[in-house]
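Comments concern the structure below.
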Amino acid sequence: QDRMPQTPPFAAMFDSSGYNRNLYQSKEDNCGGLYYQDNNLLSGSLEALIQHLVPNVDYYPDRTYIFTFLLSSRLFMHPYELMAKVCHLCIEQQRLSEPGLEKNRIRKIAPKILQLLSEWTETFPYDFRDERMMRNLKELAQRIASGDEMYRKNVQQLLQNLIRKLATVSQYEEVLAKINATSTDRLTVLKTKPQSIQRDIITVCNDPYALAQQLTHIELERLNYIGPEEFVQAFVQKDPLDNDKSCYGDSKKTRNLEAYVEWFNRLSYLVATEICMPVKKKHRARVIEYFIDVARECFNIGNFNSLMAIISGMNMSPVSRLKKTWAKVKTAKFYILEHQMDPSSNFYNYRTALRGAAQRSLTAHSNREKIVIPFFSLFIKDIYFLNEGCANRLPNGHVNFEKFWELAKQVSEFMMWKQVECPFERDRKILQYLLTVPVFSDDALYLASYESESPENHVEKDRWKTLRFVSEV
């Protein structure tokens, strides 16, 4: 059979214990530099792990292993160095460099090498923004294609898909840069209480449900562009066994992850701006109630990131100090939401709700039920603590693979969530407003807040004087 080896979807990759229990039935407890316990790969030398990634005529690595190793190997070496080693091993082992290579041998191994390359380019396409990666990929692909006409089409398809993906991400980054430039250009310097420098959110979208749906659009789009490797790249440091190279601090490596964190901050400040802007107390209270409804709908959808950004905006001190305004608000619904996102006991309530949404997603029949958008800062923090809490290497110099199974399990769940297509219709007008309308800085928020409800103590009075002085200069 000349078919590619089949791979299960992400959901099937990791069972509840973190990875497939029966992957390594045929292996010994310690075999060729790899150490197993109860058929689970626990550690190995870097060289042995690389060898384990490379298919041969009788062997193809399990998909959980491919994902886990490609994700974590960047803590020890650049992806382009790994690619060079993989190519070298493929060529050496299969004697692909020999002249007069018989088609029979190529047919046995080519589908497996192509499958490995397609898994790599599909799951970690951003690795191939590096020219050196592309060179190695093309060279190995060409060797396979030139050995047999049959594989030329497969190779072309693989390269086209990759180039398309990279073009899409470049366009996305340009759009982000434009959006950021627009919102900066339109930021008004506030001299006095801002009087209708912009339409407010309720005139643009008076339906909180519609707003929650458009927020979900933005969340899913931005999530979709985050590469799984960005979580690991965020804490790539120098490998202690690697004396001369410091691992790359290239900002491109975590750009999409950072853009997503910036979006959370923007949404929090947007909420605070919309609440502090209106002159009338009644109007401010209405805006607060409106955002409570938006947040509640985000919770129902499974959009925990927007929910948390809205709650954060409402809890900023320029907003929370508006006691007369809050007195006019029906706050019962707000307290329920706050309780859901309460940080005590390591966000116990939120984690329970997230597990419920993740369960619902697994059995869902519609895209709407599949939506799980985690509170992203906490998700990153969990991964950070998992990384900090365990060493990458064991005392014998082996790579601590048990840690990386756990890391891959968390990231692969995220991979599943980010692939959900947004079921709601896009509303360009609302999206445009959310992404580009100017938001106030901290100082501007305090200034607006003090002008809505006068300072209550000496600290506030002094701050107000300073802010007024600065805004008039």
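Here, each number is a calculation from the coordinates, and none is a lab measurement. Because the structure is predicted, anything quoted here is derived from the model rather than measured. Cβ sites come from the backbone with ideal geometry, for glycine too, and all protein chains shown count toward neighbours.
Numbers for the structure displayed
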read-out: Centre separation in Å (Cα based) which lies between segment 153-177 and segment 267-339; value: 40
read-out: Cross-link reach list, aspartates and glutamates versus K403, counting only Cα pairs under 17 Å and skipping chain neighbours closer than eight places; value: D15, D38, E229, D239, D382, E388, E413
read-out: Greater than 19 Å apart at Cα, pairs in K280/K328; K165/K429; K85/K112; K281/K323; value: K165/K429
read-out: Distance cut-off 17 Å, percentage of C-alpha pairs in segment 31-163 lying past it; value: 58
read-out: Cut-off under 5 Å, modelled amide H: who pairs with L42 long-range; value: Y35, Y36, Q37
read-out: Net charge of neighbours whose Cβ lies under 13 Å from the Cβ of D200, counting Lys and Arg as +1 and Asp and Glu as -1; value: +3
read-out: Most to least packed among 209-219, 49-59 [average Cβ atoms within 10 Å]; value: 209-219, 49-59
read-out: Counting all C-alpha pairs of segment 283-439, share separated by more than 29 Å (%); value: 33
read-out: Whole-Hz ³J(HN,Hα) from phi, Karplus 6.51 cos²θ - 1.76 cosθ + 1.60, for segment 160-174, glycine and proline x; value: 5, 4, 5, 5, 5, 4, 5, 5, 4, 5, 5, 4, 4, 5, 5
read-out: Long-range HN-HN contacts of N400 with modeled amide H, under 5 Å; value: R393, L394
read-out: Highest to lowest packing among 370-377, 199-206, scored as the average C-beta count within 10 Å; value: 370-377, 199-206
read-out: Rounded if a/c under 1.5, otherwise prolate or oblate - segment 359-439, Cα gyration tensor axes; value: oblate
read-out: Ranked packing of 110-116, 413-419, 346-352, most packed first, by mean Cβ within 10 Å; value: 110-116, 413-419, 346-352
